[in-house]
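The values are calculated or read from the model by the stated rules, or taken from the named source; none is laboratory data. Computed from a predicted structure; not experimentally measured. All Cβ positions, glycine included, derive from the backbone under ideal geometry; neighbour counts span all protein chains shown. What goes into the accessible areas is simple: the full protein's heavy atoms, side chains included, and nothing from ligands, DNA or RNA. Shrake-Rupley method; radii C 1.70, N 1.55, O 1.52, S 1.80 Å.
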Amino acid sequence: MKVLQYTVTFTPAEEGGYTVTAPALPGCISEGETYEEALQNIKEAIQAYVESLQKDGLPIPEEISEKVKIPA
């Protein structure tokens, strides 16, 4: 079984909690009241996203990332 890994981005919501996205998967977004809840929710969203692609016979994106350091 292949294990997929995706970077997720947490953004604090004004009303509290977090909004989370998976940039390599366009439109894959979730949220949660706590960091842990948001993390669990985005994992479920990513799994559903990938399963939908598989069902439709579409390719599953693989993340290509590079860390860039800039002076702050």
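Some notes on this structure:
- Qualifying residue in region 42-49 (condition: of a type in the set (A, V, I, L, M), over 15 Å from the mean Cα position of the chain (by Cα) and farther than 19 Å from residue 11 by Cβ): no
- Residues located in region 12-27, provided they are open to solvent by 80 Å² or more (accessible area, probe 1.4 Å) and out of contact with any Ser or Thr (no Cβ under 7 Å at 6 or more places or on another chain): 12, 14, 15, 26
- Residue count for region 37-72 satisfying the condition of being more than 21 Å from residue 3 (Cα to Cα) and modelled with pLDDT of 95 or more: 1.
- Filter result (open to solvent by 90 Å² or more (accessible area, probe 1.4 Å) and touching a residue at least 12 places away in the same chain (Cβ under 8 Å)) within region 28-63: 29, 31, 33, 35, 44, 62
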